[in-house]
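Mind having a look at this structure? Questions to follow.
Each reported figure results from applying straightforward, stated rules to the coordinates on display, with no laboratory input. It should be emphasised that the depicted structure is a prediction, and the values quoted were computed from it without experimental measurement. A quick note on method: Cβ atoms are made from the backbone with ideal geometry, for glycine too, and the neighbour counts reach across all protein chains shown.
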Amino acid sequence: MSPVRKVLMLHGYSQNASIFNKRMAAIRKACKDTEFIFIDAPHVLLPADIPSSWSLDAPEVSTSSSDPALTPRGWFRSNPERTIADGMEESLDVIGEVLKGGKFDGVFGFSQGAAMAAVVSAALEKPHLYPSFLSNGEPIHPPLKFCVSVSGFFPPGSISQALLKPSYSTPTLHVLGRNDVIVVEERSRKLVEVSQERRVEEHDGGHFVPAKASWRNFFRDYIKDPVGPVPSPGRSVSSSATPEPPSGAVTPLLHSGMATPAFRSGAPSPSPSLHPVSTAESLEEGV
């Protein structure tokens with residue numbers, strides 16, 4: 001039986017499609033009638049983009065490997081003041097090409113990918129504000145039925161300001177970790193505030209996609225009916241004997257006194273790397 005729903009999946013900073021795919025395995029398994037399309041961000045991170053003082057919770061990632069499955073990537077890079085999003089335009093162009101290739105029901109993003117998910121949702125609502133999302137004067141894709149933002153934040157830069165302010169209306173599920181020290185709740189709330197059709201759920205963990213049974217079932221039911229009366233998943237205790245399987249790598253915050261690493265933008269591929277899955281971060285220099 002072919003999947004009845006299709007969801008675009010956007011990984012976090014320093015992850016890639018392959019890694020996010022693996023980290024979402026439990027949730028994917030619960031969503032048997034959903035096809036998840038994982039795509040790579042276009043910007044390849046080099047050693048200079050990841051200071052040695054930071055630790056990766058995803059040991060499979062390597063800036064020196066020639067294996068695409070191990071290459072760390074990002075959707076954009078910010079500065080310590082969080083006023084720019086260098087590379088966002090190229091990332092939106094890559095996502096736009098994917099959207100042209102098929103009809104999606106929704107988008108699911110983690111951390112920096114969650115920020116991008118909100119921008120994509122808003123751009124599909126207001127393509128006249130972002131001409132690359134128009135083709136011969138027509139939208140490249142209808143507005144999405146839903147957006148899932150896990151550990152998301154309001155991204156910096158003029159594109160985000162134009163598309164997300166004063167608000168966007170795509171039904172959006174905001175998932176926040178009460179103990180997230182990478183993207184603290186205050187920052188996530190800034191994205192929540194511009195979301196007209198919003199639902200907010202919290203878990204007791206940190207910077208990851210919650211994947212206990214209650215959350216797996218909740219995501220499954222929400223994707224089926226994003227505006228319906230889906231019961232909340234309840235609180236998940238991060239100190240339990242069976243901790244949450246992380247779907248994003250937890251890493252230290254960028255301290256204001258740390259030198260800002262240089263960002264190298266890889267040229268966006270005309271044929272983005274797609275990782276479709278039927279069954280169903282990460283270093284945050286970009287946060």
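List every residue whose amide H lies under 5 Å from the amide H of Val148, counting only residues 5 or more places away in sequence or on a different chain, with H placed 1.01 Å from N in the peptide plane.
When sequence neighbours closer than 5 places are left aside, the close amide H contacts are Val107, Phe108, Gly109, Leu173.
HN-Hα J couplings of the stretch 169-182 from phi, Karplus 6.51/-1.76/1.60, θ = phi - 60°, integer Hz, Gly and Pro as x?
Whole-Hz 3J(HN,Hα) from phi for the stretch 169-182: 10, 4, x, 10, 9, 9, 10, 10, x, 5, 10, 7, 9, 8.
Can you tell me the length gained on complete extension of the stretch Ser158 to Ser232, counting 0.36 nm per residue apart and subtracting the Cα distance?
Details: separation 74, 0.36 × 74 = 26.64 nm, distance 3.48 nm.
Answer, rounded to one decimal: 23.2 nm.
Each residue of the stretch 94-106 in order: what ³J(HN,Hα) in whole Hz does its phi give by Karplus 6.51 cos²θ - 1.76 cosθ + 1.60, θ = phi - 60°, with x for Gly and Pro?
So the J values, rounded to whole Hz, are 5, 5, x, 5, 5, 5, 5, x, x, 8, 10, 7, x.
Each residue of the stretch 72-88 in turn: what ³J(HN,Hα) in whole Hz from Karplus with 6.51, -1.76, 1.60 and θ = phi - 60°, glycine and Pro shown as x?
Running phi through 6.51 cos²θ - 1.76 cosθ + 1.60 with θ = phi - 60° gives x, 9, x, 7, 6, 10, 9, 10, x, 7, 6, 10, 10, 9, 5, x, 5 Hz.
Please compare each pair in Lys22/Lys224; Lys126/Lys212; Lys190/Lys212; Lys103/Lys190; Lys22/Lys190; Lys22/Lys126 to a cut-off of 24 Å on the Cα-Cα distance and tell me which ones are over it. Walk me through the numbers on the way to the answer.
On the way: Lys22/Lys224 22 Å; Lys126/Lys212 36 Å; Lys190/Lys212 27 Å; Lys103/Lys190 29 Å; Lys22/Lys190 29 Å; Lys22/Lys126 33 Å.
Table pairs above 24 Å Cα-Cα are Lys126/Lys212; Lys190/Lys212; Lys103/Lys190; Lys22/Lys190; Lys22/Lys126.
A follow-up question, please. Return the distance in nm (one decimal) between the two label points of a simple spin-label model at Lys6 and Ser214, each offset 7 Å from Cα along Cα→Cβ.
If labels sit at Lys6 and Ser214, their model points lie 3.5 nm apart.
Just order 132-145, 88-101, 180-193, 70-83 by mean Cβ neighbour count inside 10 Å, highest at the front, would you?
Numbers: 132-145: 14.5, 88-101: 19.6, 180-193: 18.1, 70-83: 21.3.
With the highest mean Cβ count within 10 Å placed first, the list reads 70-83, 88-101, 180-193, 132-145.
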